[in-house]
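The values are calculated or read from the model by the stated rules, or taken from the named source; none is laboratory data. Values in this document were obtained by computation on a predicted structure and should not be read as measured data. We place every Cβ from the backbone using ideal geometry, glycine too, and count neighbours over all the protein chains shown. Side chains included, ligands, DNA and RNA excluded: accessible areas come from the protein's heavy atoms. Shrake-Rupley method; radii C 1.70, N 1.55, O 1.52, S 1.80 Å.
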Amino acid sequence: MSLTMLPPAPERALAAPPPRDRFIDVLRVFGMVLVVVQHWTMPVLSYAQGRLTTGNALAGVPYVTWISQVMPLVFFAGGAANAISFRSAVRRGGTAREWTARRVRRLAWPVVPLAVVWLPLPHLLVALGVPAQPVEVAARTVGQLLWFLAVYLLAVVATPHLLRVRAGVALPVLAGGAVLMDVVRFSGLEAAGYLNVAFVWLAVHQVGFRYAEGGLAWLTGRRAAGLAVAGFAMVAALVATGPYPASMIGMPGMISNMAPPSACLLALFAGQLGLAMLLRPALNALAARPRVEAVLTALAPRMMTVYLWHMTALVAVAGTATVGFGLATPGAGSAGWWSAVPLWLAALALVLVALTALLGRFEEPRGAAAHRHALTATPLVGGALLTLTITGFAPGPAPVIASAALVAGLALVSRPAAAAPRRR
């Protein structure tokens, strides 16, 4: 079953979607939480003679990543949310540029406090006597997370334009482009694979549009189960016969399905989408429970903070344990490793909760959006996020310049809040 074989959108006008979709909220919150837990359980760390050695606990169980690598579902949920948000803005008389300016601000604003902390922190740690190598590893790792924001910014900018294109046209082009780029990549031109950053993630994002339109209402029961089986079977076939590795996350010394993204992720998405739509009624019923709804209501507006700062929590706890006390990660999958995981996750969660409580307010930019210079601001913000993805916050001029570009871009799409009236 192919993503390009979805039924065409109905010609009649669709009813306006509800302001909140519990299923989309569940996917966004669950997806980000699973990303965090995966990142926290992956590191296998040891420290000796001033050098930190890193490994990946999932290297021995790559098939786990077929479920734990949920970025396809996160981009799908983002596509649905962007479609709902944009159409709502248009109904209220807004323009594409105004909507884009607001989304760019909302996306990039939480990165500012991250830069404020991490630009000086490596210098401070080295000055306090922490060896430079583990500090640089930490600073680069924190910045690598920003790849998601850079790609999501591309999806945001493309949303008003791709919403005008029929799914029957856009999806074959995007999915076909992803396959073609893999052919070129595995024929020897590795750089061509990076074009799949657009083809793969925009294809998944486009399916989110279909969901927002009601175009996936048919995907229930046996049809959803069939798509799940077909998708995961396609992944298995690609792994067994092609150049694709079994792991859906990057592993040292291996071809990666993520950096750059491969067309194999589209098959993985098909399997995950079928599974998610099969479980949708149960997930909606679960989300309707008052306690669960309260958790979703509390977490959904803070998921960007959770994502941006969960590696800082990891750096703090792992640095204290590994560099500070000389503790090494037990062998992945061993009894010692399993017994340490609950305490490890609890310590990380405690630090992340504190960081989220302190920094969550930065999810909402101050003032209002200004759309006049949105076309100039967007590449500034995108270039800054891409640079920080590559360099992280390791000491050097590039992170400083990128952070300045980020702030400049945000300034172009912002105007200060109206001054409070003077008291007489």
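If packing is taken as the average number of other Cβ atoms within 10 Å across a peptide's residues, how do 234-244, 170-180 rank, most packed first?
Details: 234-244: 16.0, 170-180: 18.9.
In decreasing order of mean packing, 234-244, 170-180 become 170-180, 234-244.
Within the chain, which is the longest segment that contains none of the chymotrypsin sites (Phe, Trp or Tyr not before Pro) sitting in a DSSP loop with at most 13 other Cβ atoms within 10 Å?
Numbers: sites that count: Trp218, Phe325.
Excluding the exposed sites themselves, the longest stretch runs over 1-217.
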task: Any chance you could look up the accessible area of Met32 with a 1.4 Å probe, heavy atoms only, rounded to 10 Å²?
output: 10 Å²
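Given a 1.4 angstrom probe, I'd like the percentage of the accessible area of the stretch 326-424 that is carbon and sulfur, rounded to a whole number. Walk me through the numbers before you get to the answer.
Working: 4210 of 6060 Å².
After summing per-atom areas, the C and S share lands at 70 percent.
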- prompt: Could you work out the helix-only [θ] at 222 nm for the chain, with each DSSP H run of four or more residues adding -39,500 (n - 2.57) and the total divided by the number of residues, to the nearest 500 deg cm²/dmol?
  reply: -21000 deg cm²/dmol
task: Enter the accessible area of Ser403 (Å², nearest 10), with the probe set to 1.4 Å and all protein chains included.
output: 10 Å²
- request: Take the alpha carbon atoms of the chain, find their radius of gyration, then divide it by 2.2 N^0.38 Å using N residues; give the quotient.
  value: 1.00
Cα-based equivalent ellipsoid of the stretch 290-365: semi-axis lengths in Å, sorted from largest, via gyration tensor: 29, 16, 8
field: Table column - 3J(HN,Hα) (Hz), the stretch 132-144, Karplus curve with 6.51, -1.76, 1.60, x for Gly and Pro
entry: 5, 4, x, 5, 5, 4, 5, 5, 6, 5, 4, x, 4
- line: Rounded to the nearest 10 Å², the 1.4 Å probe accessible area of Glu293 is 70 Å²
message: Taking amide H atoms as placed 1.01 Å from N in the peptide plane, list the residues 5 or more away in sequence, or in a different chain, whose amide H sits under 5 Å from that of Gly250.
response: Met258
field: In Hz, Karplus ³J(HN,Hα) per residue of the stretch 77-94 (6.51, -1.76, 1.60; θ = phi - 60°; x = Gly, Pro)
entry: 5, x, x, 4, 5, 5, 5, 4, 5, 5, 5, 5, 5, 5, 4, 8, x, x
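What part of the accessible area of the stretch 59-113, given as a whole %, is carbon or sulfur when the probe is 1.4 angstrom? Let's see the in-between values first.
Values: 1230 of 2000 Å².
On the stretch 59-113, the fraction of accessible area on carbon and sulfur atoms equals 62 percent.
On the protein heavy atoms, probe 1.4 angstrom, tell me the percent of accessible surface of the stretch 167-293 carried by carbon and sulfur. The partial results should precede the final answer.
Working: 3730 of 5290 Å².
Accessible surface attributable to carbon and sulfur in the stretch 167-293 totals 71 percent.
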message: Let me check something: with ligands and nucleic acids excluded, how do Arg164, Arg91 order by accessible area (1.4 Å probe), largest to smallest?
response: Arg164, Arg91
- line: Computed from the beta carbon distance with a Förster radius of 22 Å, FRET efficiency for Arg222 and Val179 to the nearest 0.05 stands at 0.20
query: Check Ala368: other-chain or 5+ apart residues with amide H under 5 Å from its amide H, H built from backbone geometry?
result: Arg415, Ala417
statement: Site Ala127, offset 7 angstrom along Cα→Cβ, radius 16 Å on amide nitrogen, limited to the stretch 352-369, gives none
query: Can you give me the Cα centroid spacing of the stretch 241-301 and the stretch 382-399 in angstrom?
result: 28 Å
task: Take the alpha carbon atoms of the stretch 109-125, find their center, do the same for the stretch 55-80, and report the distance between the two centers in whole angstrom.
output: 28 Å
message: Just the number please: accessible area per residue for the chain, 1.4 Å probe, all protein chains included, in Å².
response: 48 Å²
task: Output ³J(HN,Hα) for the stretch 343-360: one whole-Hz value per residue in order, computed from phi by the Karplus curve 6.51 cos²θ - 1.76 cosθ + 1.60 with θ = phi - 60°, and x for Gly and Pro.
output: 5, 4, 5, 5, 5, 5, 4, 4, 5, 5, 4, 5, 5, 5, 4, 7, 10, x
